[in-house]
Amino acid sequence: MKRTIIVILASVLLTSLLAQWSSDPQSPNLIAGFTGEQVMPKVAIAPNGNTYLCRFDNSSGSYKVWLQLLSPAGEALWTAPEGLMVSDHSQMSWLTEYDLDVDNDGNAVIVFQDIRSAGTNNVVAYKISSAGTFAWGADGVALSLDTSTDYGNMSPVLFNSSDNSSYAAWQRLGPANTTIAFNRLSAAGQKLWGDNGITLVPTEGSYTWPQITQADGDNILLKYFHDTGPFWSPNRHVYVAKYTPDGQQLWNTVITNAGGLPAWHQLIPFESDGAGGAILAWYEDREVDMDQDVYAQRVTVAGSVTMPANGALISVDPVNQQYYPKLAVDTVNERVYAFYRITDANQNQAGLARQMLDFSGNRLWGDTGFVFMDLGVAEASTVGAYYTAQGAVCLYEFGGDNLGAACWDSSGNSGWPEGPTVIASTGDTKYHFDHAVHPEGWAVLAWEQGFNNMDIYAMRINANGSLGMEYPAPRGLTATLLPPDGVRLDWLPPSLYMDPDGYYIYMNGELAQVVAGDVLTHDITNLTGGNYEFYLKARYGDNYSEPTETVTVIIVSIDEDAVPVPSLGLRFYPNPFRGSAILEIATTKAEENCRISVYDLRGRKLAEHNFSLGSGDHELPVTPEAFNLKESGIYFFQLQLGNETGAIRMVLIK
């Protein structure tokens with residue numbers, strides 16, 4: 001089937017890579033589609049919003065490592081569609097895990113294994129700049145140096161720390177057991193812990209499947225398994241150890257020694273708690289009753305656990321089994337959002353559920369959490385999770401071959417205005433998912449897709465749940481009066497990572513001024529009396545952001561105590577005033593509904609009072625409390641009576 005549509009795929013590919021991120025779930029971005037299979041995508045997002053996407057390409061009959069760089073808009077910055085070949089050294093006929101990260105300077109760091117050295121699996125590391133240069137040499141840095149096929153170095157993981165050094169850890173399989181080796185690389189690629197790094201050797205059994213995350217300062221945390229018994233059914237315990245940048249182990253803590261984790265549950269959620277510790281989650285059958293449950297644990301920066309020993313049970317569900325947890329951690333409010341797959345007892349039906357824990361392991365959404373996708377015969381599974389200002393996001397597979405995302409806040413309500421998002425509805429089988437999150441809350445999800453030979457696809461999910469490129473609007477727009485007839489507009493840049501080409505200033509719905517992208521303030525003068533509404537848009541090439549929120553100011557082109565509409569007879573005294581004053585209204589009109597609104601100099605409405613007013617002289621007592629006047633300054637009282645409007649300026653001294 002694949003061969004009959006290869007020309008169509010090539011055409012689609014070129015169009016896709018030269019275009020922006022797709023917003024159509026039926027047409028996700030095709031990153032790599034060639035005659036040979038494209039597999040195991042990895043994603044990393046640089047601070048400037050560029051996205052690295054790594055893959056293995058089997059077009060020539062041997063797996064090669066390729067890397068592509070996409071702009072924040074999803075356009076290929078390197079040769080489209082292939083990208084940059086990182087390595088064509090020989091690989092085994094099967095692949096294992098590898099890893100991709102970015103350093104603080106926006107370079108890509110990749111660790112993987114190959115058999116370039118005497119047919120022995122060894123781990124190598126590459127650093128590639130955004131210009132496509134090989135910062136650590138054309139052949140990278142050899143992290144393991146075995147030459148005997150009695151040993152194999154497998155499944156490396158990577159973490160770039162706050163000091164811009166790169167930590168890599170992997171499994172070293174030997175004739176007796178499996179150990180864990182890891183090393184620290186400087187920004188220049190120097191192996192800081194020696195040629196062979198540090199090796200963790202068990203007194204019995206094997207150490208397997210390391211993972212790394214940030215601790216406090218420049219320290220790191222290392223998670224690993226201690227396996228005893230047969231490799232296909234190990235008695236698996238989970239540990240976390242803390243290391244200093246010079247390789248000293250500060251502590252080593254048991255996360256769970258209850259056993260029951262299956263051999264194929266390998267890389268588990270291992271997320272920072274924001275205070276130098278970490279949150280972990282896993283599924284297991286510790287009771288050996290063919291009923292899988294999901295557990296979580298927190299280890300602090302000091303190495304103590306804060307949830308029940310051997311983990312907090314996430315869901316007390318007596319009917320359904322739970323698998324494949326994914327975590328999103330709210331480090332500020334100390335909440336853990338867990339998303340997991342549920343099945344019936346015989347695993348004939350699958351669904352999705354969610355739970356929220358505090359850092360002590362208390363279940364905050366009830367003992368069984370919430371099912372957000374009911375059990376059904378179509379496959380459903382978690383793909384990833386992350387936390388944003390809008391809430392906790394879960395990426396998931398549903399309906400067999402579709403991808404979706406949903407967001408929830410701590411109250412269990414949707415964090416996205418439009419609810420869940422369908423990411424891809426193309427129908428083809430999908431595997432090997434990976435995602436990365438930008439500091440501003442948008443993410444890129446990549447996956448394999450196809451029936452025989454696989455291709456690589458990706459989509460961008462914005463912080464509000466929409467798909468495709470989102471151009472950020474200016475932030476924090478304010479308007480301040482420049483007496484007697486001017487307004488000063490001030491705003492903040494749209495993003496810490498994207499610079500606009502210019503700003504478009506709108507006044508009362510019409511374009512009033514265009515200023516350069518490095519300008520953050522603008523004065524408008526010679527305005528006549530009246531209300532003025534302002535908003536801004538940012539321009540990025542031929543694209544524009546959504547408008548900012550509108551700010552309103554009132555220009556009063558009259559003396560302090562003058563009355564713009566004589567029939568309303570407005571007078572305010574004393575002016576300036578301290579504790580209280582009188583707003584005097586004299587009118588000959590018949591009784592009508594009256595509205596008094598109070599604004600500050602930025603045009604923000606502070607208070608509004610509605611009442612009936614007949615003909616005659618009226619005195620309205622004014623106190624700061626009654627009109628929400630919290631500090632000294634200039635304020636405007638606007639009176640609307642029927643079709644007539646009057647305004648007066650007053651000064652409060654506290």
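The values are calculated or read from the model by the stated rules, or taken from the named source; none is laboratory data. Note that the structure is predicted; figures quoted are calculated from it, not measured. In this analysis, Cβ positions are derived from the backbone assuming ideal geometry, glycine residues included, and neighbour counts consider all displayed protein chains. All accessible areas refer to the heavy atoms of the entire protein, side chains included, with ligands and DNA or RNA removed. Shrake-Rupley method; radii C 1.70, N 1.55, O 1.52, S 1.80 Å.
With distances taken between every two different alpha-carbon atoms, segment 339-442 has a Kirkwood hydrodynamic radius of 14.6 Å.
Per residue and in cubic angstrom, what volume does the convex hull of the Cα atoms of segment 22-119 have?
Taking only Cα atoms, segment 22-119 has a hull volume of 111 Å³ per residue.
Spin-label model, THR552/VAL371: points 7 Å from Cα along the beta carbon direction are separated by 4.9 nm. Helix-only arithmetic for the chain: the sum of -39500 (n - 2.57) across DSSP H runs with n ≥ 4, divided by the residue total, places the mean residue ellipticity at 222 nm at -500 deg cm²/dmol. Across segment 603-608, computed HN-Hα scalar couplings (Karplus, 6.51 cos²θ - 1.76 cosθ + 1.60, θ = phi - 60°) run x, 7, 6, 9, 7, 8 Hz from first to last residue, x flagging Gly and Pro.
For TYR544, TYR98, give me the order by solvent-accessible area with a 1.4 Å probe, most accessible first, ignoring ligands, DNA and RNA.
Order by accessible area, largest first: TYR544, TYR98.
Rolled with a 1.4 Å probe across the full set of protein chains, the surface gives THR179 an accessible area near 10 Å².
Set Lys and Arg Cβ to +1 and Asp and Glu Cβ to -1, take the dipole of the chain about its Cα centre, and tell me which of PRO417, PHE159, LEU570 lies farthest positive. After comparing all options, I get PHE159.
Over the chain, the hull volume per residue, using the convex hull of the C-alpha atoms, is 197 Å³. Extension gain for SER93 to LEU250 (0.36 nm times residue separation, less C-alpha to C-alpha distance): 52.5 nm.
Heavy-atom accessible area with a 1.4 Å probe sorts ARG604, ARG341, largest first, into ARG604, ARG341.
Past the 27 Å Cα-Cα mark, which pairs from LYS42/LYS191; LYS242/LYS430; LYS64/LYS326; LYS191/LYS223; LYS127/LYS537? Walk me through the numbers on the way to the answer.
Working: LYS42/LYS191 24 Å; LYS242/LYS430 36 Å; LYS64/LYS326 30 Å; LYS191/LYS223 21 Å; LYS127/LYS537 38 Å.
The answer is LYS242/LYS430; LYS64/LYS326; LYS127/LYS537.
Where a ≥ b ≥ c are the square roots of the eigenvalues of the C-alpha gyration tensor, would you call segment 110-241 rounded, which needs a/c under 1.5, or, failing that, prolate if a/b is larger than b/c, or oblate? In terms of gyration-tensor shape, oblate.
Which residues does a label at GLU379 reach in segment 352-373, if reach means a backbone N under 17 Å from a point 7 Å past the Cα toward the Cβ? Once the point is set 7 Å along Cα→Cβ of GLU379, 352 turn out to lie under 17 Å by backbone N, inside segment 352-373.
Which whole-number percentage describes the relative contact order of the chain, with Cα contacts under 8 Å and a sequence gap of 6 or more? Each step should come with its number before you reach the end.
Values: 1783 pairs, mean separation 51.9, N = 654.
Computed value for the chain: 8 percent relative contact order.
Here the spin labels are modelled as points 7 Å beyond Cα on the Cα-Cβ line, and at ASN452 and ALA345 they lie 4.3 nm apart.
Rounded to whole numbers, the Karplus 3J(HN,Hα) couplings from phi for segment 151-156 are 10, x, 9, 10, 6, x Hz, using 6.51 cos²θ - 1.76 cosθ + 1.60 with θ = phi - 60°, and x at Gly and Pro. Only protein heavy atoms count here; under a 1.4 Å probe, ASP216 has an accessible surface of about 60 Å². The distance between label points at ILE653 and GLU625 comes to 2.3 nm (points 7 Å beyond Cα on the Cα→Cβ vector). Take the Cβ atoms of SER360 and THR588, set R0 to 60 Å, and the FRET efficiency comes out at 0.30. In segment 282-368, a dipole from Cβ-located charges (positive for Lys and Arg, negative for Asp and Glu) runs towards its positive end, and of LEU313, THR331, GLY351 it is THR331 whose Cα lies farthest in that direction.
Taking R0 as 56 Å, what's the FRET efficiency between ASN575 and THR199 from their Cβ-Cβ distance, rounded to 0.05? Can you show the working numbers first?
Working: r = 81 Å, r/R0 = 1.44.
Working from the Cβ atoms, E equals 0.10.
Per residue, the solvent-accessible area of the chain (1.4 Å probe, heavy atoms of protein chains only, all protein chains present) comes to 41 Å². The listed residues LEU536, LEU192, once ranked by accessible area (1.4 Å probe) with the largest placed first, stand as LEU192, LEU536. To the nearest 0.05, how large is the calculated FRET efficiency for THR331 and THR149 if R₀ is 56 Å and r is the Cβ-Cβ distance? Once the sixth-power term is evaluated, E becomes 0.80.
How many percent of the accessible area of segment 222-356 is carbon or sulfur, using a 1.4 Å probe? Before the final figure, lay out each step's value.
On the way: 2510 of 5020 Å².
The nonpolar share, carbon plus sulfur, comes to 50 percent.
In the neighborhood of LEU641, defined by Cβ-to-Cβ distances under 11 Å, what is the net charge if each Lys or Arg adds +1 and each Asp or Glu adds -1?
Cβ neighbours under 11 Å give a net charge of -1.
The angle between the Cα long axis of helix 6-18 and the main principal axis of the chain comes to about 50°, on a 0 to 90 degree scale.
Please work out the C-alpha center-to-center distance from segment 20-58 to segment 470-518 and express it in whole Å. Taking the Cα centre of segment 470-518 as reference, the centre of segment 20-58 is 35 Å away.
Can you tell me the length gained on complete extension of the stretch SER425 to ALA176, counting 0.36 nm per residue apart and subtracting the Cα distance?
Working: separation 249, 0.36 × 249 = 89.64 nm, distance 4.72 nm.
Using 0.36 nm per residue and subtracting the Cα-Cα distance, I get 84.9 nm.
Look at the dipole of the chain built from charges on Cβ: of VAL301, ALA389, ASN543, the Cα furthest out on the positive end belongs to VAL301.
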